[in-house]
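The values are calculated or read from the model by the stated rules, or taken from the named source; none is laboratory data. Note that the coordinates shown come from a computational prediction; the quantities given were computed from them, not determined experimentally. All Cβ positions, even for glycine, are placed from backbone atoms using ideal geometry, and neighbour counts span all protein chains on display.
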Amino acid sequence: MAIKKGLFITIEGPDGSGKSTQIERLKTYFKEKTYPVIFTREPGGTKISEKIRTLILDKENREMADLTEAFLYAASRAQLVAEVIGPAIDRGEIVICDRFLDSGIAYQGYGRELGDCVRAINEYAVQGYMPDLTLLMHIDPQTGRARMKERSLDRIEDEQQAFHQRVYEGYLQLEREYDRFVGVNADDSVEAISKALIGHIEALMRERGFL
């Protein structure tokens, strides 16, 4: 059966959930398997989006209004969709993105308590390109923050515990709403988490004729 379009997979989770470590392992795994997978991230992934990322995460910008933050994330997302994600999916390729629309809803909709306006803003930003699979790293926000105590925190990571708790609750609500979500225990060993992520991704690839 001919592949009509690509696969779009996102990895989500609260700060300190180990996403970055797992994405590096996924890159190595798929490179060794010679699967043509495109990896990208949010905010960022393009020249323009990376500049927006720097603006958002800079701790010197603490006076940034919550709605300004939401629009900046959406702007970064729109550029990434236009320049990377959309064209790759249309070519029938596989895209794995570190964060996407659900981060906006969790962090700005729930964390900043902006509500449904974040969904509305991002409907325009994503242009209909929605994930086929979203892997959600499950970890208690306090545990996640404890993991980051030895590193320099950006403006979002450095928010109060109550903010991060609302973000996580937002993620759990999204998981209840959408069948594309699959939860992964991010408090497990690095190897076990990696095996779970690969298993879910390859199951979707087989289902859609990529394997």
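Quick notes on this structure:
- Selection count, the stretch 140-179, where residues are buried (at least 18 other Cβ atoms within 10 Å of the Cβ) and of a type in the set (Phe, Trp, Tyr): 2
- Extreme residue, surrounded by the most Cβ atoms within 10 Å (Cβ to Cβ), among residues of the stretch 102-135 that are in a helix (DSSP H, G or I), out of contact with any strand residue (DSSP E or B) (no Cβ under 9 Å at 6 or more places or on another chain) and among the charged types (D, E, K, R): Arg119
- Among the numbered conditions (1) part of a helix (DSSP H, G or I); (2) exposed (fewer than 14 other Cβ atoms within 10 Å of the Cβ); (3) among the charged types (D, E, K, R), the only one that Glu69 does not meet is (2).
- Summed over the stretch 180-211, the residues that are of a type in the set (Gly, Ala, Ser), loosely packed, with under 15 Cβ neighbours inside 10 Å and outside any loop (DSSP other than H, G, I, E, B) give a count of 3.
- Leu174 in contact (Cβ under 8 Å) with a residue 60 or more places away in the chain and assigned to a helix (DSSP H, G or I): yes
- Among (1) part of a helix (DSSP H, G or I); (2) touching a helix residue (DSSP H, G or I) at 6+ places or on another chain (Cβ under 7 Å); (3) not basic (Lys, Arg), the one test that Val95 misses: (1)
- Selection status of Lys47, basic (Lys, Arg), free of Cβ contacts under 8 Å to residues at least 24 places away in the same chain, over 29 Å from Ser189 (Cβ atoms) and surrounded by fewer than 18 Cβ atoms within 10 Å (Cβ to Cβ): yes
- Thr46 satisfies every condition listed in (1) at pLDDT 95 or above; (2) under 27 Å from His138 (Cα atoms) except (2).
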